[in-house]
Amino acid sequence: MDRYFPLKKLPAKAGYKKGDVFVLVGELFGRGYANGIVDEARKAGMTIIGTTVGRRDSDGTLRSLNAEELAAAEANLGGKIINIPLEAGFDMEQAADGQSYADLLKSVKPDSYESFVCDKERLREVRAKGSARFKNNLAGVVAELQKEIPAGVNVLFSHAMAGGIPRVRLFMPLLNRVFKGTGDRYLASAEFWKSGLGELCQASFNEVSADTFAYLLEATATLRATNAVRYTAYGYHGCEVLVNGVYTWQSYTPYVQGWAKIRLEDHAIKAKEQGIIATVYNCPEIQTNSSALFMGVEISLYPLLEAIIKEGESAADRSVRAECQELLNDGVSIADLLKAADKYLSSPVLKKFGKLSEWPHHNTAEQMELMLTASAELIAMNKSPKEIVCAPLSRVGFQSTGYLMFDDSWSPEKPVAWLNHDIIAKCLNS
């Protein structure tokens with residue numbers, strides 16, 4: 001693809017300083033990608049402002065955070081949160097008949113999911129309502145930001161809105177079959193994706209993961225008139241990892257959110273054409289609170305250990321390797337772990353999934369069997385399945401992506417950039 005642009009050298013130090021403002025769009029939960037860039041903004045002395053997606057009461061009403069929730073969220077962020085709910089999506093929006101998708105899908109059973117027909121008019125109606133609600137609340141957030149941000153300072157927006165699986169119990173058993181199923185439990189992602197429920201998911205992913213970025217760019221035009229404003233967003237489009245000793249592009253399969261991530265990139269490309277400094281950074285796979293559904297996504301994390309060694313020795317490198325070795329079973333070495341991961345990543349079964357131009361790829365029964373078996377074997381090489389080497393490697397991932405995104409955002413060369421294992425390792429070793 002002509003948009004493929006991997007960062008190959010560490011960016012120059014960004015010019016953000018005390019008095020400049022960092023704004024996180026999307027709430028900070030647990031430890032994930034966004035923590036890295038928040039840490040960098042804090043180190044630079046920037047004023048940190050956050051947002052919230054809000055909460056739903058038992059009757060489904062969307063509300064702001066209560067005092068206790070707000071205090072906890074601000075302590076986690078280390079900054080002020082503008083308490084206007086920026087929940088995105090439309091699954092809870094009622095159509096003219098008074099029913100939302102959350103209501104409508106309660107009667108659909110997993111074994112008859114194919115019978116659901118996605119009414120395009122209903123979808124258009126509730127999607128319009130959901131985007132109108134989001135835009136209205138976003139306008140409120142921007143009005144508050146205008147009070148907080150002095151004219152003439154640098155502003156960095158970090159878009160961290162992602163996901164979009166409709167909040168209906170029906171989806172979890174189906175998606176477990178798509179992402180974790182083998183044998184009789186296997187469900188082809190292409191089959192699910194062409195169904196009415198797949199169509200609904202696609203629209204939801206587009207709205208939450210991609211179009212909220214476009215809404216943000218539009219809503220903050222007034223701030224660009226008085227300030228130097230830059231934007232970052234988190235993408236995923238596979239990444240290069242070491243396979244047979246060579247950096248090779250690969251991706252987790254099936255990644256049905258991929259079409260929404262391409263749409264996110266499209267918004268950044270359009271913004272650059274309009275003179276807006278906005279960049280989507282395609283980050284490497286890490287394990288987060290939300291990745292538990294995607295069994296096997298962690299396999300391509302293991303070669304980061306090899307990349308760290310390849311890109312030069314450092315105290316940080318040795319510390320990470322020692323931490324990882326401590327988590328492995330007695331008698332299991334890092335070399336054993338890397339050999340097992342490479343056996344999977346270099347398998348002939350994965351050859352058909354190796355074309356970047358054909359991404360996103362749908363799964364096959366053979367590929368899922370191979371991936372899930374390899375995942376289980378690699379996890380078994382750790383002393384505890386709840387504490388595996390992917391935890392420290394994920395920490396390296398989100399800290400390095402935070403550093404790279406923060407500095408590169410000052411003067412990005414392209415509106416879409418890939419952060420592959422080579423640049424992640426160089427970042428650690430620097």
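Can you tell me which residue is farthest from ALA132 (Cα to Cα) among those in the stretch 104-119 that are open to solvent by 60 Å² or more (accessible area, probe 1.4 Å), in a helix (DSSP H, G or I) and not hydroxyl-bearing (Ser, Thr, Tyr)? That would be ASP111. Please determine, by comparing only the residues of the stretch 86-98 that are under 30 Å from the mean Cα position of the chain (by Cα) and free of Cβ contacts under 8 Å to residues at least 60 places away in the same chain, which one is most open to solvent (accessible area, probe 1.4 Å). My answer is GLN94. Considering the stretch 241-268, and only residues there that are of a type in the set (Val, Ile, Thr) and within 18 Å of ALA210 (Cβ to Cβ), the residue that is least open to solvent (accessible area, probe 1.4 Å) turns out to be VAL256. Mind checking whether some residue in the stretch 29-43 is aliphatic (A, V, I, L, M) and either assigned to a strand (DSSP E or B) or touching a Pro at 6+ places or on another chain (Cβ under 8 Å) (or both)? No: zero hits. Here are some residues: GLY198, GLY164, GLY183. Which one is surrounded by fewer than 18 Cβ atoms within 10 Å (Cβ to Cβ) and among the small types (Gly, Ala, Ser)? The match here is GLY183.
Here ALA188, ALA151 are screened, and the one residue that is over 15 Å from THR364 (Cβ atoms), hydrophobic (A, V, I, L, M, F, W, C) and in contact (Cβ under 8 Å) with a residue 60 or more places away in the chain is ALA151. SER314 meets each of the listed conditions (1) modelled with pLDDT of 95 or more; (2) open to solvent by 10 Å² or more (accessible area, probe 1.4 Å); (3) not hydrophobic (A, V, I, L, M, F, W, C) apart from (1).
For first residues located in the stretch 279-306 and closer than 20 Å to ALA260 by Cβ, partners that are assigned to a loop (DSSP other than H, G, I, E, B) and acidic (Asp, Glu) and lie 6+ apart or on another chain with Cβ distances below 6 Å form the pairs VAL297/GLU285. Taken as a whole, the structure places THR222 among residues that are modelled with pLDDT of 95 or more, surrounded by fewer than 22 Cβ atoms within 10 Å (Cβ to Cβ), of a type outside the set (Lys, Arg) and touching a helix residue (DSSP H, G or I) at 6+ places or on another chain (Cβ under 8 Å). Taking the criterion of being under 23 Å from the mean Cα position of the chain (by Cα) and not in a loop (DSSP other than H, G, I, E, B), the residues of the stretch 351-366 that qualify are PHE353, LEU356, SER357, GLU358. Could you tell me whether the stretch 212-235 includes any residue that is in contact with a Ser or Thr (Cβ under 6 Å, 6 or more places away or on another chain) and over 27 Å from ASP103 (Cα atoms)? Yes, some residue in the stretch 212-235 is in contact with a Ser or Thr (Cβ under 6 Å, 6 or more places away or on another chain) and over 27 Å from ASP103 (Cα atoms). In the stretch 279-290 there is no residue matching the filter, namely being crowded, with 19+ Cβ neighbours inside 10 Å, among the acidic types (Asp, Glu), under 14 Å from the mean Cα position of the chain (by Cα) and farther than 20 Å from SER375 by Cα. The residues on offer are GLY164, GLY152, GLY140, and the sole one that is outside any helix (DSSP H, G or I) and farther than 16 Å from GLN257 by Cα is GLY152.
Tell me, which residue of the stretch 66-85 that is assigned to a helix (DSSP H, G or I) and touching a residue at least 24 places away in the same chain (Cβ under 8 Å) is farthest from LEU216 (Cα to Cα)? Out of the qualifying residues, it is ASN76. Inspection of the stretch 50-65 finds no residue satisfying the criterion of being open to solvent by less than 50 Å² (accessible area, probe 1.4 Å), closer than 30 Å to VAL153 by Cβ, hydrophobic (A, V, I, L, M, F, W, C) and not in a loop (DSSP other than H, G, I, E, B). From the list ALA425, ALA417, the one residue that fits, being open to solvent by less than 10 Å² (accessible area, probe 1.4 Å), small (Gly, Ala, Ser) and under 22 Å from ASP2 (Cβ atoms), is ALA417.
The values are calculated or read from the model by the stated rules, or taken from the named source; none is laboratory data. Every value quoted in this text rests on a predicted model; they were computed, and no experiment measured them. Glycine gets a Cβ as well: all are built from the backbone with ideal geometry, and neighbour counts include every protein chain shown. Ligands, DNA and RNA are stripped out before the accessible areas are found, and what is left, the full protein with its side chains, is counted by its heavy atoms. Shrake-Rupley method; radii C 1.70, N 1.55, O 1.52, S 1.80 Å.
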